[in-house]
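Each remark here refers to the structure printed beneath this line.
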Amino acid sequence: MEKVSTKLKNMTDTNLLLTITIVVFILMYIGAVLFQGKGFTKPQAFFNILNNNAALIILSCGMSIVMITGGIDISVGGVTALVSMCCAVYLDYHNGNVAVSMLIALLIGLAYGLVQGFLVAYLDIQPFIVSLAGMFFARGMTTIVNTNPFNVENADFVALKETRIIIPGMGSVNKLGKYVDAYVEIGVVIALIVVIAMFILLRWTKLGRSFYAVGGNKQSALMLGINVKRTKFLSHMICSTLAGIGGYVYFLHVGSGAATHAQGAEMNAIASSIIGGTMLTGGVGNIIGTFFGVLSLSTIKDIVSSAGLDQAWWTGITIAAMLCIFLVIQSVVMARKKRAIRK
Amino acid sequence: MGNQALLSLKGIYKGFPGVKALQNVDFQLQSGEIHALMGENGAGKSTLIKVLTGVYTKDEGEIFLEGQEVSIRSPQDAQHLGISTVYQEITLCPNLSVAENMYIGRSDDMLQNWKKMNEGATKMLESLDIPAKATQQLGSCSIAVQQMVAIARAVDMDCKVLILDEPTSSLDDQEVQKLFKLMKELRGRGVGIIFVTHFLDQVYEVCDKITVLRDGKLVGEYEIKELPRLQLVSKMLGKELDDLSDIKSSDASGETAKQGEVLFEAEGLSSTEGIKPFDFYIRKGEVNGFTGLLGSGRSECVRAIFGADRVVSGSMKKNGKTIKINKPIDAMKNGIGYLPEDRKIDGIIGDLSVRENIILALQVMKGFFKPFTKAQANAFADEYIKTLSIKTASADTPIKSLSGGNQQKCILARWLLTHPDYLILDEPTRGIDVGTKVDIQKLVLKLASEGMSVTFISSETDEMLRTCSRMIVMRDRKVVGELTGEDLTQNKIMSTIAGGEAKS
């Protein structure tokens, strides 16, 4: 017991919360396999979680970075919808080029980051208010660009959307006795690259460490010689750019434009970050944790739906319960750690 | 200017609207010395520090570092020049590791080299004998160690001047000793240290020189050996030792109370705010007071009595019966009233009317679900507005639009309304005009003559001498003496505050 408490004491808050997240995810997945039966044992079940949530993973990475810096950005869902719609309209109505549509997505994200970052960092406006306005603006703009939802039929785009990356050796035999390869979509590859890139950014660059410092204590960070304003600005820049990329990955997954796309995605991103051990108060968090946070959130959703409780409210209630349990576990562990330190 | 002076300030002026915070202040620091900067609150210590660290810009004057004139416009400027400051509040990031806190924000490299950083930090921590691991999260270190890490950061940046702004106020004795050891070590390396503190004992333990400021002006610079404590205190307070004009002018309250029975008694009381356990009693109809320099624990004592801070040990008796006070409401139910030190934060509720502010305490005691009728409330308010002659347009006026003195009277009315038999007044005369000050003092004496016991605290010793018949003297969060009768003089108080050598 003593050994455990000293170990606990020497762990950083970030690593401690990360450990909790990973342990809980593994337990949950084992639980899902045990109680929900065969479906979860197939590798493809896991890959489908990735396929369906690649966009959310990217959005959550950005969200974690702003949250670590002590801010929040609730515009990412709106940006996703806006990106989908703009790209859809460009590809189908203007017979556009796929590469250019990617550029459009990136530019929308960059523009959002520029404006929101400027307002938050240099004019010192609450990030919640700024991104709330950003969210309304994005949703409004989406409808202005095109009111009706529609599926994209651009041939190049559809080909890209249908591209499947086969994972060798992970396939399974289906009901008809035929061997089916396991696959992931392109979006998953992008998401994994983003996760790795953001992990490196947070761990091994001065900028990444500045995010933590500013989130930990703004005043101290200033005294330590960090450019607090620039750091905050860049955190929003990264988050919104990732929202642009995530938006395109979402678009690639659903293949349509609609004003109602990614409804509540920002809340899922916040929930994933929190489950992943990022604290709303800032200064604590980890991208790997966020990645597992997204997986946990979607595993829970899958468990709920495969248990036949497919209605939206059941999902909502389970997610709420899970968030509560997570926050309680986190605060209990943190309190224990504080007590251990005091001794 | 001494040719080897490390840092020298000449003729510094700094004003704020309506206040001259610093007037023609000179200051000199040699390398390898620990220099205490002393003065009461408002003397200009912190303004001087802030000018030196670039938080404020000076209005006039020159700053020389190693003989060369420098201009300091921001904390970063100061850091680059080798002037580092460790504040009372830790200005590090608790969520980062010890090593990161020592190195972050210091270079423009893109990448973070953890290995190199941890090695450098470990070396520095070892050489300064700081009991922390480089990879440990800062928040898991004790406050003292955090402070030392801040110092280690400063040392690692090759600082020439290290400013310690009240670093010891949240440390316990052992931690203070560790800090002192570190300070002496740095002195040996030739660093000039400016040490700001309220604790006299600490000054005499580590410092080489003292510079005293008072009311924004330089009083003088002294070698520590040439300035006995008593003189230091008198220089800080600005009272000459042989100033006899301050003899107690009114002895109205005095003698009658001496025989009264003990109303309230406390034994071995101490709170989480770090005061040493103290005993205390007050008789019926007596006015007594706590005195001592700022930060000596005056307010903490009465806050412990009232239950405003968490009491950790000790027992209390009222009228011979043991009582338990865990929170203010317990004290109120036992007939104890407390007028807090900071009127704006702990006292008034600015947006409520004068009437509501006055009946607040009584309402709390009665319970919020049994409100007074409007007529009752008005009657209470009008009564006290009249007896205390509170100048207000009406009882409905929001209290924040009243002057400081009148606000204070309202708070006083709030407590008088609960008819306490023991009233604690913590700095009731601070920041109000002279007329009201006199009113309040008179009121205190009148209440005492009617049988109420009052504890009166004020930074102005004159006021206390006029009102109190017994004074408890505090130093460094300890009760160090008690003065009554003929001993109640300015000189005696000062010598008791200075302690130690005055007796010998």
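The values are calculated or read from the model by the stated rules, or taken from the named source; none is laboratory data. Just so you know, these numbers come straight off a predicted model, no measurement behind them. In this analysis, Cβ positions are derived from the backbone assuming ideal geometry, glycine residues included, and neighbour counts consider all displayed protein chains.
See the values below:
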{"item": "Candidates A:Met135, A:Met67 - the one that is in contact with a helix residue (DSSP H, G or I) (Cβ under 9 Å, 6 or more places away or on another chain) and surrounded by fewer than 24 Cβ atoms within 10 Å (Cβ to Cβ)", "result": "A:Met135"}
{"item": "Enumeration of residues in the stretch A:134-166 that are free of Cβ contacts under 8 Å to residues at least 60 places away in the same chain and in a strand (DSSP E or B)", "result": "A:Arg164, A:Ile165, A:Ile166"}
{"item": "Residue in the stretch B:233-247 that is nearest to the chain's Cα centre (by Cα), counting only those that are in a helix (DSSP H, G or I) and modelled with pLDDT under 60", "result": "B:Asp246"}
{"item": "Only one of A:Leu280, A:Leu224, A:Leu202 that is under 30 Å from A:Cys324 (Cβ atoms) and buried (at least 17 other Cβ atoms within 10 Å of the Cβ)", "result": "A:Leu202"}
{"item": "Count of the stretch B:68-82 residues which are more than 29 Å from the chain's Cα centre (by Cα) and outside any helix (DSSP H, G or I)", "result": "5"}
{"item": "Lone unmet requirement of (1) away from every other protein chain (no Cβ under 14 Å); (2) within 29 Å of the chain's Cα centre (by Cα) for B:Leu65", "result": "(2)"}
{"item": "Residue match in the stretch B:315-336 (condition: in a strand (DSSP E or B) and within 22 Å of the chain's Cα centre (by Cα))", "result": "no"}
{"item": "Residue match in the stretch B:132-150 (condition: under 26 Å from B:Val51 (Cα atoms), more than 32 Å from the chain's Cα centre (by Cα), buried (at least 21 other Cβ atoms within 10 Å of the Cβ) and assigned by TED's automatic domain parsing to the domain that holds B:Thr211)", "result": "no"}
{"item": "Top-ranked residue in the stretch B:140-151 [being modelled with pLDDT under 85 and within 11 Å of chain A (Cβ to nearest Cβ); ranked as farthest from B:Asp173 (Cα to Cα)]", "result": "B:Ser140"}
{"item": "Residue count, the stretch B:396-423 (criterion: touching a Leu at 6+ places or on another chain (Cβ under 8 Å), part of a loop (DSSP other than H, G, I, E, B) and of a type in the set (D, E, K, R))", "result": "1"}
{"item": "Test result for B:Val161, in contact with a strand residue (DSSP E or B) (Cβ under 6 Å, 6 or more places away or on another chain) and more than 13 Å from chain A (Cβ to nearest Cβ)", "result": "yes"}
{"item": "Listing of helices (runs of 4 or more DSSP H) fully contained in the stretch A:197-275 that carry 1 or more residues being more than 14 Å from every other protein chain (Cβ to nearest Cβ), aliphatic (A, V, I, L, M) and more than 19 Å from A:Val294 (Cβ to Cβ)", "result": "A:228-254"}
{"item": "One residue from B:Val98, B:Val86 being surrounded by 15 or more Cβ atoms within 10 Å (Cβ to Cβ), at pLDDT 80 or above and either farther than 18 Å from B:Ile193 by Cα or outside the structural domain of B:Met148 (by TED's automatic domain parsing) (or both)", "result": "B:Val98"}
{"item": "Helices (runs of 4 or more DSSP H) wholly inside the stretch A:1-115 containing at least 2 residues that are away from every other protein chain (no Cβ under 14 Å), more than 30 Å from A:Ser220 (Cα to Cα) and at pLDDT 95 or above", "result": "A:43-68, A:76-93"}
{"item": "Condition met for A:Ile108 (closer than 13 Å to A:Ile245 by Cα and either out of contact with any Ser or Thr (no Cβ under 6 Å at 6 or more places or on another chain) or surrounded by 21 or more Cβ atoms within 10 Å (Cβ to Cβ) (or both))", "result": "yes"}
{"item": "Selection status of B:Leu111, surrounded by fewer than 17 Cβ atoms within 10 Å (Cβ to Cβ), within 14 Å of chain A (Cβ to nearest Cβ) and either in contact with a strand residue (DSSP E or B) (Cβ under 7 Å, 6 or more places away or on another chain) or closer than 26 Å to B:Phe27 by Cβ (or both)", "result": "yes"}
{"item": "The stretch B:174-232 - residue that is of a type in the set (Gly, Ala, Ser) and closer than 17 Å to B:Ser84 by Cα and, of those, modelled with the highest pLDDT", "result": "B:Gly192"}
{"item": "Matching entry among B:Ile90, B:Ile83 (being away from chain A (no Cβ under 11 Å) and closer than 24 Å to A:Gln219 by Cβ)", "result": "B:Ile83"}
{"item": "Some residue of the stretch B:28-49 being within 14 Å of chain A (Cβ to nearest Cβ), assigned to a strand (DSSP E or B) and either at positive phi or in contact with a strand residue (DSSP E or B) (Cβ under 6 Å, 6 or more places away or on another chain) (or both)", "result": "no"}
{"item": "Single unsatisfied condition, B:Asp346 versus (1) buried (at least 21 other Cβ atoms within 10 Å of the Cβ); (2) under 21 Å from the mean Cα position of the chain (by Cα)", "result": "(1)"}
{"item": "Enumeration of residues in the stretch A:296-322 that are touching a helix residue (DSSP H, G or I) at 6+ places or on another chain (Cβ under 6 Å) and touching a residue at least 24 places away in the same chain (Cβ under 8 Å)", "result": "A:Ser296, A:Leu297, A:Ser298, A:Thr299, A:Ile300, A:Ile303, A:Ser306, A:Met322"}
{"item": "Count - residues of the stretch B:156-169 that are out of contact with any helix residue (DSSP H, G or I) (no Cβ under 6 Å at 6 or more places or on another chain) and either surrounded by fewer than 21 Cβ atoms within 10 Å (Cβ to Cβ) or free of Cβ contacts under 8 Å to residues at least 24 places away in the same chain (or both)", "result": "5"}
{"item": "Residues being over 17 Å from B:Val196 (Cβ atoms) and in contact with a Leu (Cβ under 7 Å, 6 or more places away or on another chain) - total across the stretch B:27-63", "result": "4"}
{"item": "Odd one out for B:Asp129 among (1) under 33 Å from the mean Cα position of the chain (by Cα); (2) within 13 Å of chain A (Cβ to nearest Cβ); (3) not in a helix (DSSP H, G or I)", "result": "(2)"}
{"item": "So A:Lys161, is it modelled with pLDDT of 95 or more, away from chain B (no Cβ under 14 Å) and either farther than 27 Å from A:Met63 by Cα or surrounded by 15 or more Cβ atoms within 10 Å (Cβ to Cβ) (or both)", "result": "no"}
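Residue by residue, here is whether (1) polar (S, T, N, Q); (2) under 30 Å from B:Thr135 (Cα atoms) holds:
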| residue | (1), (2) |
| --- | --- |
| A:Tyr122 | no, no |
| A:Thr142 | yes, no |
| A:Asn146 | yes, no |
| A:Val158 | no, no |
| A:Gly169 | no, no |
| A:Thr205 | yes, yes |
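So that you can scan it fast, the table gives a plain yes or no per residue for (1) outside any strand (DSSP E or B); (2) crowded, with 18+ Cβ neighbours inside 10 Å; (3) among the acidic types (Asp, Glu):
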site	(1), (2), (3)
B:Leu179	yes, yes, no
B:Met183	yes, yes, no
B:Leu186	yes, yes, no
B:Gly190	yes, no, no
B:Glu205	yes, no, yes
B:Leu213	no, yes, no
B:Leu218	no, yes, no
B:Glu221	no, no, yes
B:Lys225	yes, no, no
